[in-house]
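> Take this structure first; my questions come after.
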Amino acid sequence: MLARVARRWAALSLFAAAALPLAGHAAALPPVVDGQPLPSLAPMLEKVTPAVVNISTKTRVQVRDPFFEDPVFRQFFGLQGSPRERVEQSLGSGVIVDAAKGYVLTNNHVVGGADDITVTLQDGRDVKGKLVGTDPETDLAVVQIQATGLAALPMADSGKLRVGDFVVAVGDPFGLGQTVTSGIVSALSRSGLGGTGYQNYIQTDASINPGNSGGALVNLRGELVGINTMIISPSGGNVGIGFAIPTNLAGEVMQQLIAHGKVNRGNLGLEAQDITPRIAKVLGLKDTKGVVVTRVTGGSAADSASIEVGDVITAIDGKPLRSAQELRNAEGLMPIGSTMKLTVQRNGASKDVIAKLAPEKLATVDGTKLDPRLTGVTFTELSQSMRSQGIAGVAVSAVRAGSRAAQAGLQPDDIVIGVGNLRVPDMRTLQKLSGVNPRQLVLVVSGDDGVRYVDIR
């Protein structure tokens, strides 16, 4: 009996010993053996971390207060000439992608609108940063620094990433200093996460926390595969669902920012919506695949490609189209002049059409033509991108300094959503003001500080 047990134990021990090299060759860590080096990411990170920087910014924000804006109140309390602004500070991360020219890739929400940018290198040096350009639509920005001995990260082809690939996030969470976390790619091509902009995220469970924004997501070869940008969290901290902008997208945006300071995007000139089972039944469609065209702008790329309202677009460049968000992403992430092959269904027949992306033409109106009190203001209709997000109104594209509107607090990039009690969903409604000259001109505008009234006298 004891002999049989001994033989079985010996057999099991032999099987286990033989299995160890196989497990080490797969995903499992190799066994710890005296005299053998332990598995570690340290050699790779020694090359990566010098290229990841801390970014701190200062932004001066004007403080609006009706008491301080009253000249009598200011004179009575001796406040003439006193500053009416506050300084906001923020922390984030960045990645050096060109050591020779000092280009640092980061998030727009880290440096956008900042008055002062300071970049802290891994060796402790503080360097003044110059904002090259920002792209709020993709939440990317490029900062340039002048320093010697910089290290840069090579960019990998993020299109080759697979779910399950190991990745490492490097950044400066909570301002603690450079921190490294590891995980895997949880999902690819994530979109529809709320907010504005074009979304095509890498999802990862590598810990990403406040301050990691703009930091590096690298593969195990130490190559940059993404720029960490956001998390989903009920508490504000990491819960294992973080997102990074893939380098294939970041690289294209970076090139345009360096060349032009902004991103020039093409436009199809159409609007579309998802196909629900109910819409499919009304249109006589067999399934809900693709999107249905609801509007085509005359003279646009879609119009030139003979796309009509009611057409169903099922694929872009041969790739199945699943939602209107995917169509918007594909349109917004391609430069002006590029072509898209759209697979279109009409009356049960399918065909491919070629559309060449062109700049979007937006109508503008001089405020003088609407009301003398609006002299110095230029209004512009909202872009298709903004309309597709459910935003209504008319954009303020320029406000002349010293004008009545400027003195009342109207600012560029404000969106006029109402005039008095009149709702203003589009340019056509705003133009109805022409010749009316109401006794009191009050604009309802939406801006960075929320919705407010602007009383122009």
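> Residue 442 versus residue 294, label points 7 Å from Cα toward the beta carbon: distance in nm?
Rounded to a tenth, the inter-label distance reads 3.2 nm.
> Set the Förster radius R0 to 25 Å, insert the Cβ-Cβ distance between residue 432 and residue 411 as r into 1/(1 + (r/R0)^6), and round the FRET efficiency to 0.05.
Result of the calculation: an efficiency of 0.60.
> Hey, another quick one. Run the simple label-point estimate for residue 287 and residue 125 please: 7 Å along Cα→C-beta, distance reported in nm.
So the two model labels end up 5.7 nm from each other.
> Right, next: Shape call for region 315-457 from the C-alpha gyration tensor, a ≥ b ≥ c root eigenvalues: rounded (a/c under 1.5), prolate (a/b greater than b/c) or oblate?
prolate
> Still on this structure, I have one more. What is the Rg over Rh value, at two decimals, for region 199-315, using alpha-carbon atoms and the Kirkwood definition of Rh?
Result: Rg/Rh = 1.12.
> Summarise the accessible area of region 169-220 (1.4 Å probe, protein heavy atoms) by the percent that is carbon and sulfur.
The C+S portion of the solvent-accessible surface of region 169-220 is 47 percent.
> Pull up the cross-link candidates among the lysines for residue 281, meaning alpha carbon to alpha carbon under 25 Å and not fewer than 8 places away within one chain.
289, 319, 351
> At residue 375 and residue 160, where each label point lies 7 Å from the Cα along Cα→Cβ, what is the point-to-point distance in nanometres?
With each label point 7 Å from Cα toward Cβ, the separation is 6.4 nm.
> Another one. Using only the alpha-carbon atoms, what does region 379-423 span along each of its principal axes? Please give whole angstrom values in decreasing order.
Over region 379-423, Cα extents along the principal axes are 34, 23, 11 Å.
> Per residue, how much accessible surface does region 247-349 expose to a 1.4 Å probe? Answer in Å², no decimals.
Dividing the accessible area of region 247-349 by its residue count gives 51 Å².
> Please label the shape of region 127-278 as rounded, prolate or oblate, based on the square roots a ≥ b ≥ c of the eigenvalues of the alpha-carbon gyration tensor (a/c under 1.5 means rounded; beyond that, a/b larger than b/c means prolate, else oblate).
oblate
> Going Cα to Cα from residue 286, which aspartates and glutamates come in below 20 Å? Please leave out same-chain ones fewer than 8 positions away.
Result set, ordered by chain and number: 274, 308, 311, 352.
> How much length is gained if the chain between residue 276 and residue 252 is pulled fully straight, taking 0.36 nm per residue apart and subtracting their Cα-Cα distance, in nm to one decimal?
Values: separation 24, 0.36 × 24 = 8.64 nm, distance 3.39 nm.
Once the chain is fully extended between residue 276 and residue 252, it gains 5.3 nm.
> One-quarter of the Cα convex hull surface for region 91-198, in nm²? If you can, show how the numbers build up before the last one.
Details: hull surface 31.4 nm².
Here the figure is 7.9 nm², rounded to one decimal.
> Give the accessible surface of region 402-457 per residue, rounded to a whole number of Å², with probe radius 1.4 Å and ligands, DNA and RNA excluded.
Result: 61 Å² of accessible area for each residue.
> Please give me the summed charge of the neighbours of residue 268: other residues whose Cβ is under 10 Å from its Cβ, Lys and Arg +1, Asp and Glu -1.
-2
> Would you mind telling me the share, in percent, of accessible area of region 306-400 contributed by carbon and sulfur at probe 1.4 angstrom? Numbers along the way, then the final one.
Details: 2440 of 4520 Å².
Within region 306-400, the accessible surface is 54 percent carbon and sulfur.
> Please sort 159-169, 447-457, 219-229 by packing, taking for each peptide the average over its residues of neighbouring beta carbons within 10 angstrom, highest first. Could you put the intermediate results ahead of the total?
Values: 159-169: 15.6, 447-457: 12.5, 219-229: 23.2.
Highest-to-lowest ranking by the protection proxy: 219-229, 159-169, 447-457.
> Hey, which lysines would be in cross-link range of residue 128, C-alpha to C-alpha under 27 Å, not counting anything within fewer than 8 residues on its own chain?
Straight-distance partners of residue 128: 47, 58, 101, 262.
The values are calculated or read from the model by the stated rules, or taken from the named source; none is laboratory data. The shown structure was predicted, so the numbers you read here are calculated from the model rather than taken from an experiment. Note that we place each Cβ from the backbone using ideal geometry, even for glycine, and neighbour counts take in every protein chain shown. Heavy atoms of the whole protein, side chains included, go into the accessibility calculation; ligands, DNA and RNA do not. Shrake-Rupley method; radii C 1.70, N 1.55, O 1.52, S 1.80 Å.
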